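Student: What follows is a single structure, and I will ask about it in a moment.
The values are calculated or read from the model by the stated rules, or taken from the named source; none is laboratory data. Predicted model, so just to flag it, every value in this text is computed and none were measured. Using ideal geometry, Cβ is built from the backbone for each residue, glycine included, and neighbour counts are taken over all protein chains shown.
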Amino acid sequence: MSELLRSYLTVGIFGVAAIAMAGAMLTIARILRPQRPTRQKLIAYESGVDPVGGDWAQSQIRYYVFAVLFVLFDVEAVFIFPWATRLEVYGLFGLVEMAIFIFILVLGLFYAWRKGVLRWV
Amino acid sequence: MVELVWLIPALPLIGFLILLLVGSRIGEPRAGWVATTAAAGSFLAAVVVLAGLLGKDAHSGDRSYELVLFQWLPSGSLKVEAGFLVDPLSITMALFVTGVGALIHLYSIGYMHGDPKYSKFFLYLNLFLFSMLMLVFGNNLVVTFLGWEGVGACSYFLISFWHRRESAATAGKKAFVTNRVGDWGFMVATFAIWSALGTVTYTEIASSPAMSAAAGTAVSLLLFVAAAGKSAQLPLYVWLPDAMEGPTPVSAMVHAATMVTSGVYLLVRMNGLLTDDALLVIAVIGAATALFAALSAVAQHDIKKVLAYSTISQLGFMFLAIGSGAYVAAIFHVITHAFFKALLFLGSGSVIHGMHDEQDMRKMGALRALMPITAGTFIVGWLAIAGVPPFSGFWSKDEILLAAWEQKNIGPLLWFVGLVTALLTAYYMTRQVILVFFGEQRWDEDVHPHESSWTMTLPLCLLAGAAIVGGGINLPLVKEWLVLEHFLEPIFAHPHHFSSGTSTKVVLAVISVVIGVLGITIATLAWLFRRIPTEQLEPEFLENAMYVDSTYARVVSGPGTSSFQKAADFDKGVVDGAVNGVGAAVRKLGQLIQPAQSGYMRNYATGVAIGALMILVVLAWGLLL
Amino acid sequence: MFAPQLLGFVSPSINWWALLPQMILLGAALLILLLSSLAPRRSSTTFATVTTLSAAITAYFVSIGLWYDVEREGASSSIASAFGVDGFSIFFTMLILIALAITALLSHHYLDREGIDPPEFHALLLCSAAGAIVMAAANDLVVMFLGLEALSIAIYVMIAMHSRRSEARESAVKYFVLGAFSSAFLLYGIALTYGATGSTNLVHVREYLDAVVFRDQHMLMAAMGLLLVGLSFKVAAAPFHFWAPDVYQGAPSPVTGWMASIAKAAGFAALLRIFFAAFASHDSDWSPVVAVLAFVTLVVGAVMAILQTDVKRMLAFSSISHAGYVLVAVQSASNDGTAAALFYLFTYTLMVLGTFAVVGAMGSDDDHPLTRYAGLGRSKPLIALSLTALLLAQAGVPTTSGFIAKFQVISAAVSNQSYFLAGAAMVTAVIGAFMYLRIIMTMYVVDDDESGPSPVWHWTTSTVVLGTVIFTMVLGLVPQFLIEFAEQAVPILIRG
């Protein structure tokens, strides 16, 4: 077996161990715990609030747009953080590059704003 | 200046494109003027190129200039270029093609007046001119073939131009079918030349080593089949008389002056390949055609049919010249014939026009007073074709007869046939002139003949001038006067020289003049003075052109039809059956795999996964091997 | 652990000049978005079209300059060998720019007619063109993937922009999901390539493969297979073609034309660069697989085409069979074959754009039945004639560029001794011709019940149709210059 595949074997063993452990915990709990179900106990747990309505609820489309915008601008942080940690090394070149990058993102935000995406109507 | 050769075909092409795009919009008469300008410009370009060619040294081979535009069909060892070859032969052809062509364009402006398809007519004329020039200037057989097919196509379009007339449509079809036989010869000859010499370019063919005698004869005969189709020689001539269904300018340009001489051009161009055996065949068929057509012309009543048979007969003369090895004489006659035959056709068109579409000579007569210019110019044409010195026809015909006399094997016989043809030619042309322009008036009261407009008479006058002095380009006896012969000399593999002494030449010339005058005299006695009963002079046998055409028709419609039917049945049953079977099988296969195209994304994703698996399996299979 | 100077960042040398074409395109995209967001009202279509056109033309002139640079100084590569500057990349850049200009012209009238927001459409079009150029020029698999996603994501949105039509949305979702699916294959292939050769850079891959003899090449084989799957999906080769008919049918016609031409051309560019250039030493491994794909694609494309009744679906299957021909050229793994593929892609791109120009003008209703073309020969003779010319070219009839293209492909296959495949290509060409002739027959022979179809015509459309028809016919007679162009554009991998 090649070196590479051997390293995957380790991963595989880890996976099996994880599944076995979780399975064992749940099984042991099931065997040990007392089981006296009431109607109240079988209600889905909603952080202590009583659930209202079905589980197929619609949410505002505006949330979706905001979520997409958030993800878009959130991702830029993935690029900006590593750059920020090595700012001096990248020097002027890096600064210009990052300026262009942020400029394009700002342009996107500007466009979204002008098209009325940010307005909560 | 020689480099400008591309302009010569380009101008008619531009004219064609203009007419194609806006022809019907600009209408009459502007469409005609556009076409005429293009043709005239092409002529001027040809003159410029000629001047450039003359400026080069005649003997060092400089007078052969190739302009290669691009590689056209690079395919294996076959390299075909789209290129032009300018040499004395092609420029000579181009000069009279564009010159006569331009005049006929001008003439058509008046002739086609009022036709509903006015602009389309000029579109075809320009396309024809372009194709003819491609034929002439092509530097290899394939480009020439392109032009060859192009002129053929234009010829069919123009013959059946008035396609609502049943006879015109049929005539077009007939020309098409007959010409295919000739085209077959051209194609097979091209293949044969390529396989024997490995090239189809003229200059390379000329410098190639000779083929074996058998192959050479075969190729020569195939080329002659091609030429016989296009130039209406026995037995493929039958389409030309019917081609007179087209408008008269078409008859003048396509079916008298230019296209029908392309067979002569082809053989002269390929002169280095023609073997002695083949030349003998060509000479015999040429002579036979000349005699046969002249006999048929004697008894025609249609003013254009006479000229059509006369054209076939004169083409026969040209092939007689080629067969006798006298290529210069052939080209010389091509040129003079273009002048006087175009003149005669245009004159007949003028008559037809003035007589309100009457073509039967029995209903004409005494028109000379009413149509003086037409009559005068027609008479010039008549004297030229009848061989009366010093008109152009005399010089070229005399040279052909001399060449025939000197033919090695059966010279005197060929000469005699030519002489009889000359007699008949003088006779039937005199008959025509008398029937149309002299004698008593035979037309109906309600017909009012009139002279045509200047656009029609001007070309007549110019052509008449050319028909008078055209012989001057190649006068015999004095060596320096043989301008055409010296000009064309570089293109011949074996230049031809007359061996006869001056005395023989003079005697032969005198005989031919006497014969011509004799023919004119007989016709005058018979048709003007009515000294000879004319009924016997028009035997039905000759009026029907010895029934050749009707025999063809009977064979084709009788046993021919049944064998065609069998071929059609075979095609329908076996060939179509196979094709349909394959088609049905393909359809079945498609229906078999169609369910995979279900429209469901999950199935498509499965397809991708299966495909991936397939690829991996194939790769793994490769590894295992 | 490391000395500080080793950590110092040295930016790779960058040939900005070579990157200029796609920078112009992206700049134009940003400009369009910026100006349209500044404009008070709905901005005009003309502005967007003109900007896109001028960007395409400017970039085209830059590429001409680049071409002469490469001719003079030889091929090179830039940004640490990640970006190739050779005849191949410039060939595709030029092709993409021509197609971009044509698509911009075509969409001009279409966007107005269908009420689609022009700035967004054009910005996306420019982005996808830039992505396609990156894909064709990338010498690094990761950069190539970046180009591919830029191209594809823009196209997903362009399809969906016709939001009032549910078919368009369905197409977009189908293409998006399946495209993402196939991207996964491609990515896995890239990862395995890295695993097998230690680099994603094609120059390094090539050098490594030339130098090393594998004892065990399972991983390399798997890498090749998965890369092939991902790219075959993009070029719509069977059996990865299933999306094509549905998506082509549902997408707006200008986008369909763009997908059929440029998405395909860019996919083939990547395929050729990876397989022909980088995996050259293993051509005996991948060539048979490509041959099998080519065969299946040819058969499926030709056979399925004749069963269709919808013109856009017919053309979708026809574009599948065209992919089959290009694959026939690719599998020959020779310079001749690659040149034939390039020639084919160039001529095909223009043919297909012209064809979809006519199709787009014939109306944008949800389906596009063949019967709509009945009687077109009489009611609009010029349009019918142009479409006939383009379809005959696609069928590969002599005197059109399509004939020369097919001829080159088949002759490359024959000189590679793939006689079976060459035969299959000829047979399927005949089967495929049936479909093209059926459209032509419908236009001329079938009688229409009413006054005949009345396409919506605009001068931009006529310009495109006329231009593509002229190009197609002229190239059928004078193919030499493009043949030579393609021969000089064979990909070269050079360390830069």
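Student: If you check every pair at least six apart or on different chains, which have Cβ atoms under 7 Å apart with a residue in segment C:155-173 that is in a helix (DSSP H, G or I) first and a residue that is surrounded by 21 or more Cβ atoms within 10 Å (Cβ to Cβ) and of a type in the set (Asp, Glu) second?
Tutor: From residues that are in a helix (DSSP H, G or I), the pairs are C:SER171/C:ASP246.
The rows are residues; the columns are (1) part of a helix (DSSP H, G or I); (2) aromatic (Phe, Trp, Tyr); (3) facing chain C (nearest Cβ under 9 Å); (4) within 24 Å of C:GLY301 (Cα to Cα).
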{"position": "B:PHE541", "(1), (2), (3), (4)": "yes, yes, no, no"}
{"position": "B:ASP549", "(1), (2), (3), (4)": "yes, no, no, no"}
{"position": "B:ARG554", "(1), (2), (3), (4)": "yes, no, no, no"}
{"position": "B:SER563", "(1), (2), (3), (4)": "yes, no, no, no"}
{"position": "B:VAL586", "(1), (2), (3), (4)": "yes, no, yes, yes"}
{"position": "B:ALA609", "(1), (2), (3), (4)": "yes, no, yes, yes"}
{"position": "B:VAL618", "(1), (2), (3), (4)": "yes, no, yes, yes"}
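Student: Which count do you get for residues in segment B:32-71 that are in a helix (DSSP H, G or I) and of a type in the set (Ser, Thr, Tyr)?
Tutor: Pass one, segment B:32-71, residues in a helix (DSSP H, G or I): B:32-54.
With of a type in the set (Ser, Thr, Tyr) added as a condition, the list becomes B:36-37, B:42.
Selection size over segment B:32-71: 3.
Student: Of the residues that make up segment B:74-85, is at least one within 14 Å of chain C (Cβ to nearest Cβ), within 30 Å of B:TYR111 (Cβ to Cβ), surrounded by fewer than 18 Cβ atoms within 10 Å (Cβ to Cβ) and at pLDDT below 90? Let's see the steps before the verdict.
Tutor: Restricting attention to segment B:74-85, the residues satisfying the condition of being within 14 Å of chain C (Cβ to nearest Cβ) are B:74-83.
Imposing the further condition that a residue be within 30 Å of B:TYR111 (Cβ to Cβ) reduces the set to none.
No, segment B:74-85 contains no residue that is within 14 Å of chain C (Cβ to nearest Cβ), within 30 Å of B:TYR111 (Cβ to Cβ), surrounded by fewer than 18 Cβ atoms within 10 Å (Cβ to Cβ) and at pLDDT below 90.
Student: Could you grab me the full set of residues in segment C:262-293 that are under 19 Å from C:PRO245 (Cβ atoms) and away from chain B (no Cβ under 12 Å)?
Tutor: Hits for segment C:262-293 are C:ILE262, C:ALA263, C:LYS264, C:GLY267.
Student: Shifting gears a bit: Evaluate the following for C:MET259: is it at the interface with chain B (Cβ under 10 Å from one of its Cβ atoms) and aliphatic (A, V, I, L, M)?
Tutor: no
Student: Right, something else. Out of segment A:55-112, which residues are in contact (Cβ under 8 Å) with a residue 12 or more places away in the chain, among the aromatic types (Phe, Trp, Tyr) and within 14 Å of chain C (Cβ to nearest Cβ)?
Tutor: Hits for segment A:55-112 are A:PHE79, A:TRP83, A:PHE101.
Student: With the condition being crowded, with 23+ Cβ neighbours inside 10 Å and under 22 Å from the mean Cα position of the chain (by Cα), I'd like the helices (runs of 4 or more DSSP H) fully within segment C:334-442 carrying at least 1 qualifying residues.
Tutor: Those helices (runs of 4 or more DSSP H) span C:335-361, C:381-395, C:401-415.
Student: A further question on this structure: From C:VAL212, C:VAL255, C:VAL247, C:VAL205, which residue is at pLDDT below 95 and surrounded by fewer than 24 Cβ atoms within 10 Å (Cβ to Cβ)?
Tutor: It is C:VAL212.
Student: For B:ILE593, are the conditions met, namely being at the interface with another protein chain (Cβ under 10 Å from one of its Cβ atoms), more than 30 Å from B:THR178 (Cα to Cα) and in contact with a Pro (Cβ under 7 Å, 6 or more places away or on another chain)?
Tutor: no
Student: Among the residues of segment B:35-65 satisfying the criterion of being of a type in the set (A, V, I, L, M) and more than 24 Å from the chain's Cα centre (by Cα), which is farthest from B:GLY99 (Cα to Cα)? Don't jump to the end; show me each part of the working.
Tutor: Here is the first cut: in segment B:35-65, the residues of a type in the set (A, V, I, L, M) are B:35, B:38-40, B:44-51, B:53-54, B:58.
Remaining after also requiring more than 24 Å from the chain's Cα centre (by Cα): B:48, B:51, B:53-54, B:58.
Values: B:VAL48: 13, B:ALA51: 15, B:LEU53: 18, B:LEU54: 18, B:ALA58: 24 Å.
Among those that are of a type in the set (A, V, I, L, M) and more than 24 Å from the chain's Cα centre (by Cα), it is B:ALA58.
Student: Ok, one more. For segment B:560-586, which residues satisfy the criterion of being within 31 Å of the chain's Cα centre (by Cα) and of a type outside the set (Ser, Thr, Tyr)? Reasoning before the result, please.
Tutor: In the first step, residues of segment B:560-586 are kept if they are within 31 Å of the chain's Cα centre (by Cα); the result is B:560-561, B:564.
Within segment B:560-586, B:GLY560, B:PHE564 qualify.
Student: Pull up segment C:8-34, narrow it to residues that are aromatic (Phe, Trp, Tyr) and outside any loop (DSSP other than H, G, I, E, B), then point me to the one that is nearest to the other protein chains (Cβ to nearest Cβ). Walk me through how you get there before you give the answer.
Tutor: The first filter runs over segment C:8-34 and keeps only residues aromatic (Phe, Trp, Tyr), leaving C:9, C:16-17.
Now narrow it down to the ones that are outside any loop (DSSP other than H, G, I, E, B): C:16-17.
Numbers: C:TRP16: 13, C:TRP17: 18 Å.
Residue satisfying both the conditions and the ranking: C:TRP16.
Student: Moving on. When the residues of segment C:461-484 are filtered to those that are surrounded by fewer than 20 Cβ atoms within 10 Å (Cβ to Cβ) and more than 14 Å from every other protein chain (Cβ to nearest Cβ), which remaining residue is modelled with the lowest pLDDT?
Tutor: If we take residues in segment C:461-484 being surrounded by fewer than 20 Cβ atoms within 10 Å (Cβ to Cβ) and more than 14 Å from every other protein chain (Cβ to nearest Cβ), then C:THR463 is modelled with the lowest pLDDT.
Student: If you scan segment C:61-79, which residues turn out to be hydroxyl-bearing (Ser, Thr, Tyr) and crowded, with 18+ Cβ neighbours inside 10 Å? Please lay out each step first, then the result.
Tutor: So in segment C:61-79, the residues hydroxyl-bearing (Ser, Thr, Tyr) come out as C:63, C:68, C:76-78.
Of everything in segment C:61-79, those that are hydroxyl-bearing (Ser, Thr, Tyr) and crowded, with 18+ Cβ neighbours inside 10 Å turn out to be C:SER63, C:SER76, C:SER77, C:SER78.
Student: Of these, B:ILE515, B:ILE491, B:ILE532, B:ILE520, which one is more than 24 Å from B:ALA329 (Cα to Cα), crowded, with 17+ Cβ neighbours inside 10 Å and β-branched (Val, Ile, Thr)?
Tutor: Only one candidate qualifies: B:ILE520.
Student: Just to confirm my filter: which helices (runs of 4 or more DSSP H) fall fully inside segment C:196-255 and include at least 2 residues that are more than 14 Å from chain B (Cβ to nearest Cβ) and closer than 26 Å to C:LEU493 by Cα?
Tutor: Passing ranges, in order: C:202-211.
Student: Criterion first (free of Cβ contacts under 8 Å to residues at least 40 places away in the same chain and surrounded by 24 or more Cβ atoms within 10 Å (Cβ to Cβ)) does C:ALA223 satisfy it?
Tutor: Spelling it out, C:ALA223 is indeed free of Cβ contacts under 8 Å to residues at least 40 places away in the same chain and surrounded by 24 or more Cβ atoms within 10 Å (Cβ to Cβ).
Student: Let me ask another. Within the group C:LEU392, C:LEU382, which residue is without any contact (Cβ under 8 Å) to a residue 12 or more places away in the chain and not basic (Lys, Arg)?
Tutor: Exactly one of C:LEU392, C:LEU382 is without any contact (Cβ under 8 Å) to a residue 12 or more places away in the chain and not basic (Lys, Arg), namely C:LEU382.
Student: Kindly list the number of the only condition in (1) of a type in the set (S, T, N, Q); (2) within 25 Å of B:TRP239 (Cα to Cα); (3) exposed (fewer than 11 other Cβ atoms within 10 Å of the Cβ) that fails for B:THR502.
Tutor: (2)
Student: Working carefully through the options B:GLY599, B:GLY622, find the one that is within 7 Å of another protein chain (Cβ to nearest Cβ) and not in a helix (DSSP H, G or I).
Tutor: B:GLY599
Student: Sticking with this structure for a sec: For segment C:146-173, which residues satisfy the criterion of being surrounded by fewer than 22 Cβ atoms within 10 Å (Cβ to Cβ), within 14 Å of chain B (Cβ to nearest Cβ) and of a type outside the set (Ser, Thr, Tyr)?
Tutor: Of everything in segment C:146-173, those that are surrounded by fewer than 22 Cβ atoms within 10 Å (Cβ to Cβ), within 14 Å of chain B (Cβ to nearest Cβ) and of a type outside the set (Ser, Thr, Tyr) turn out to be C:GLU167, C:ARG169, C:GLU170, C:VAL173.
Student: Tally up the residues in segment C:191-205 that are under 18 Å from C:SER76 (Cβ atoms), under 25 Å from the mean Cα position of the chain (by Cα) and not aliphatic (A, V, I, L, M), please.
Tutor: Number satisfying all stated conditions: 1.
Student: I'd like the residue in segment B:466-488 that is more than 25 Å from B:LEU383 (Cβ to Cβ) and touching a residue at least 60 places away in the same chain (Cβ under 8 Å) and, out of all such residues, is nearest to the chain's Cα centre (by Cα).
Tutor: So the first thing to find is which residues in segment B:466-488 are more than 25 Å from B:LEU383 (Cβ to Cβ), and the list is B:479-480, B:486-488.
Next, only the ones that are touching a residue at least 60 places away in the same chain (Cβ under 8 Å) stay: B:486-488.
Details: B:HIS486: 25, B:PHE487: 23, B:LEU488: 21 Å.
If we take residues in segment B:466-488 being more than 25 Å from B:LEU383 (Cβ to Cβ) and touching a residue at least 60 places away in the same chain (Cβ under 8 Å), then B:LEU488 is nearest to the chain's Cα centre (by Cα).
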